[in-house]
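Note sheet for the following structure.
The values are calculated or read from the model by the stated rules, or taken from the named source; none is laboratory data. Nothing here was measured: the structure is a model prediction, and the numbers come from that model. Glycine gets a Cβ as well: all are built from the backbone with ideal geometry, and neighbour counts include every protein chain shown.
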Amino acid sequence: MENEIIHIALFASGTGSNAGKIIEYFHLHPFIKVALVVSNNPDAPVLKISSGAGIGTLIISRERFFKGDAYIDVFHEKKIDFIVLAGFLWKVPLTLIRAYPGKIINIHPALLPKFGGKGMYGKHVHEAVLAAGEKISGITIHYVDEQYDHGKIIFQASCPVTKEDDANTLAEKIHQLEYHHFPPVIEKTIKNIVKTTGTHS
Ligand code: GAR
């Protein structure tokens, strides 16, 4: 098993600063490789990061993702073992969840189960946290199931929310937590799966 490579597909819809950190973290990893960057947005800045790093990209269409095979053939062809959502804004269809059971994880920029669900992404989350007068916020890394921001929680970390914070300063604090924790949590989660199953396929 140690000699096999685990291939990750990174899904991102926008800037992709988390995707960039993840790509950097696994760049020289002995057995985990970011093999594909997937986006629903052909203009997403994340695509520049991936092509700069020599990683293949896949632009997905709503039609095939939700009503077709969810690109499972492509993921199998690229030998994708594990899927990481890093700022991906579409809901993951059941077809894909079933094809990768327990092997799709997401990061959410708040302490779930609060401030999750449809429409809760990026700045909207931070605005809701501030409007609710929360004193702490944070990040949640969780498995993906068929409901938005709902699957089993793997990891959380928190930061203070002060009265000086606005959505931008809070987003910055959250991004710092994400950059610090997300790559090693991905690594640990994959290592645990490998250890439990003895194989990644
Ligand atoms: C991240 O903060 C991530 O937690 C959030 O989008 C941001 C993407 O930033 N994801 C969600 O809101 C999902 N519900 P990035 O493109 O710079 O990595």
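Observations on the structure shown:
- Residue count for the stretch 1-40, restricted to those that are within 11 Å of the ligand (Cβ to nearest atom) and either more than 15 Å from the chain's Cα centre (by Cα) or assigned to a loop (DSSP other than H, G, I, E, B) (or both): 5
- Counted residues, the stretch 50-84 - those being within 16 Å of the ligand (Cβ to nearest atom) and crowded, with 22+ Cβ neighbours inside 10 Å: 3
- First in the stretch 108-135 and at positive phi and free of Cβ contacts under 8 Å to residues at least 24 places away in the same chain, second anywhere and among the charged types (D, E, K, R) and within 8 Å of the ligand (Cβ to nearest atom), Cβ under 9 Å, 6 or more apart: PHE115/ASP149
- Residue tally, condition touching a strand residue (DSSP E or B) at 6+ places or on another chain (Cβ under 8 Å) and more than 10 Å from the ligand (Cβ to nearest atom), over the stretch 85-134: 10
- For the stretch 175-188, the criterion of being in contact (Cβ under 8 Å) with a residue 40 or more places away in the chain and in contact with an Asp or Glu (Cβ under 7 Å, 6 or more places away or on another chain) is satisfied by no residue at all.
- Entry remark, the stretch 61-91: residues being assigned to a loop (DSSP other than H, G, I, E, B), in contact with a helix residue (DSSP H, G or I) (Cβ under 9 Å, 6 or more places away or on another chain) and in contact (Cβ under 8 Å) with a residue 24 or more places away in the chain number 10 in total.
- When ALA86, ALA12, ALA35, ALA99 are screened for being in contact with a Gly (Cβ under 6 Å, 6 or more places away or on another chain), modelled with pLDDT of 95 or more and small (Gly, Ala, Ser), only ALA12 passes.
- Residue tally, condition in contact with a Phe, Trp or Tyr (Cβ under 6 Å, 6 or more places away or on another chain), of a type in the set (D, E, K, R) and modelled with pLDDT of 95 or more, over the stretch 103-142: 1
- As a summary of the residue check, THR140 satisfies the conditions (1) outside any strand (DSSP E or B); (2) near the ligand (Cβ under 10 Å from one of its atoms) except for the one numbered (1).
- From LYS123, LYS152, residue being closer than 20 Å to PHE182 by Cα, charged (D, E, K, R) and touching a helix residue (DSSP H, G or I) at 6+ places or on another chain (Cβ under 6 Å): LYS123
- Looking only at residues in the stretch 163-201 that are of a type in the set (A, V, I, L, M) and farther than 22 Å from VAL84 by Cβ, the one that is surrounded by the fewest Cβ atoms within 10 Å (Cβ to Cβ) is ALA167.
- Selected residue (criterion: nearest to the ligand (Cβ to nearest atom)) from residues of the stretch 150-181 that are of a type in the set (Val, Ile, Thr) and in a loop (DSSP other than H, G, I, E, B): VAL161
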